[in-house]
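Have a look at the structure below, then the notes.
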Amino acid sequence: MNFTKTTEQSSHYDSLEQMSVADLLLNINNEDKTVPLAVEKALPQIEVLVAKVVEKMKLGGRLFYIGAGTSGRLGIVDASECPPTFGVPFDLVNGIIAGGDKAIRKAVENAEDDRLQAWIDLQEHGINEDDVVIGIAASGTTPYVIGGLEKCNAKNIITGCITCNEGSPLALTAQFPVVVVVGPEFVTGSSRMKAGTAQKLVLNMISTATMIQLGRVKGNKMVDMQLSNDKLVDRGVRMIMGEIPVSYEEAATLLKEHGSVRKAVNHYSNL
């Protein structure tokens, strides 16, 4: 299959080692500025994918991200933030990385080259037709990710992807591809940079838009967030004060009694 792997093309900059720190930072920043514009072009693709995720979650389904290396780590980060931010079960959004959890910190040699392992990993979570699987790979050629989506397609499980190369094998495998073409990296081939930033932005959009559609945000507030530290408890108290006419102390008492901003406000409103 012939396609242009723009993520591997030579950087627009050369002699990087001769640049000053100021020039390095300026040029990296200039490249980074192009990423949101590239994501903007993919908004219609992201919209369709989010609609499918919401549809399946309303039926009791879950969302899975699969990836290797940086892409896998980004999926894990997004998945791990959903329970504390939106108060959803820990297994509603799941991040799976080639090589297992030990690959989060340290690369596992050849893990991404195993075309069969992703399906084995997904089966450990009881993957089924109510779920959605999104493969993440900047290159669009990672065997672990492609093999996982191929198996999901065969099992009638909805598949999406986030990649940065148009016409890549991954983009052609996913039923609902999201392709964000960011072009060559500042350091040639270092797809943790612009490509990684693009993937993070798209992941933010997918999980946040999905949770809002599922009613996990009220107004613009995280009313179901987990109260896991003092900062979040204080934020929750102030959210309650913004919704109902109570003092800080009264709001804190309500929050402690009911365990969430939503429940505290609902209880007061029903008095």
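Descriptive notes on the structure:
- Only Cα pairs under 8 Å and 6+ residues apart enter the sum, and on that basis the relative contact order of the chain stands at 23 percent.
- In Hz, Karplus ³J(HN,Hα) per residue of the stretch 41-55 (6.51, -1.76, 1.60; θ = phi - 60°; x = Gly, Pro): 5, 9, 3, x, 5, 5, 4, 5, 5, 4, 4, 5, 5, 4, 4
- For the pair SER11 and PHE90, label points projected 7 Å from Cα toward Cβ lie 4.0 nm apart.
- Area of LYS221 that stays accessible when all protein chains are in place (1.4 Å probe, Å², to 10): 80 Å²
- Tensor-based shape of the stretch 1-46 (alpha-carbon gyration tensor, a/c under 1.5 rounded, otherwise prolate or oblate): oblate
- Here the 3J(HN,Hα) profile of the stretch 211-221, calculated from phi with Karplus coefficients 6.51, -1.76 and 1.60 at θ = phi - 60°, is 5, 5, 4, 8, x, 8, 10, 10, x, 10, 10 Hz, Gly and Pro shown as x.
- Interchain or long-range residues, amide H under 5 Å from TYR65's placed H: ASN94, GLY95, ILE96, ILE134
- Accessible carbon and sulfur surface of the stretch 28-80 relative to its total accessible area, %, 1.4 Å: 59 percent
- Of the solvent-accessible surface of the stretch 102-172, computed with a 1.4 Å probe over protein heavy atoms with every protein chain present, carbon and sulfur atoms account for 46 percent.
- Per-residue extension of 0.36 nm, minus the Cα-Cα distance of LEU26 and VAL187, leaves a gain of 56.6 nm for this segment.
- Full extension of the segment from GLN226 to ARG115, taken as 0.36 nm per residue of separation minus the current Cα-Cα distance, would add 36.3 nm.
- Neighbourhood net charge (13 Å Cβ-Cβ; Lys/Arg +1, Asp/Glu -1) for ALA118: -3
- Stokes-Einstein diffusion of the chain at 25 °C, 0.890 mPa s viscosity, Kirkwood radius from Cα pairs, rounded to a whole number: 122 µm²/s.
- Counting Lys and Arg as +1 and Asp and Glu as -1 over every other residue whose Cβ lies under 14 Å from the Cβ of GLU40, the net charge comes to +1.
- Inter-part distance where the stretch 168-201 and the stretch 206-271 are each reduced to a Cα centre, Å: 37 Å
- Carbon + sulfur, % of accessible area of the stretch 230-271 - ligands and nucleic acids excluded, 1.4 Å: 50 percent
- A probe of 1.4 angstrom, applied to the heavy atoms of all protein chains, finds GLU129 with accessible area near 100 square angstrom.
- Accessible heavy-atom area order of TYR144, TYR13, highest first, probe of 1.4 Å: TYR13, TYR144
- Theoretical ellipticity at 222 nm over the chain - DSSP helices of four or more residues, -39500 (n - 2.57) apiece, nearest 500: -15000 deg cm²/dmol
- The residues of the chain expose on average 50 square angstrom of accessible surface per residue, using a 1.4 Å probe on protein heavy atoms.
- Per the Cα gyration tensor, the stretch 1-138 maps to an equivalent ellipsoid with semi-axes of 32, 20, 16 Å, ordered largest to smallest.
- Within the assembled protein chains, the solvent-accessible surface assigned to ASP113 is about 80 Å², based on a 1.4 Å probe.
- What the phi angles of the stretch 242-252 give under the Karplus curve with 6.51, -1.76 and 1.60, with θ = phi - 60°, is a coupling list of x, 9, 9, x, 9, 6, 4, 5, 5, 5, 4 Hz, glycine and proline written as x.
- Computed lengthening from VAL233 to ILE212, 0.36 nm per intervening residue step minus Cα-Cα distance: 5.4 nm
The values are calculated or read from the model by the stated rules, or taken from the named source; none is laboratory data. All values reported here derive from a predicted model rather than from experimental measurement. All Cβ positions, even for glycine, are placed from backbone atoms using ideal geometry, and neighbour counts span all protein chains on display. Side chains are part of the model used for accessible areas, which takes the heavy atoms of the whole protein and leaves out ligands, DNA and RNA. Shrake-Rupley method; radii C 1.70, N 1.55, O 1.52, S 1.80 Å.
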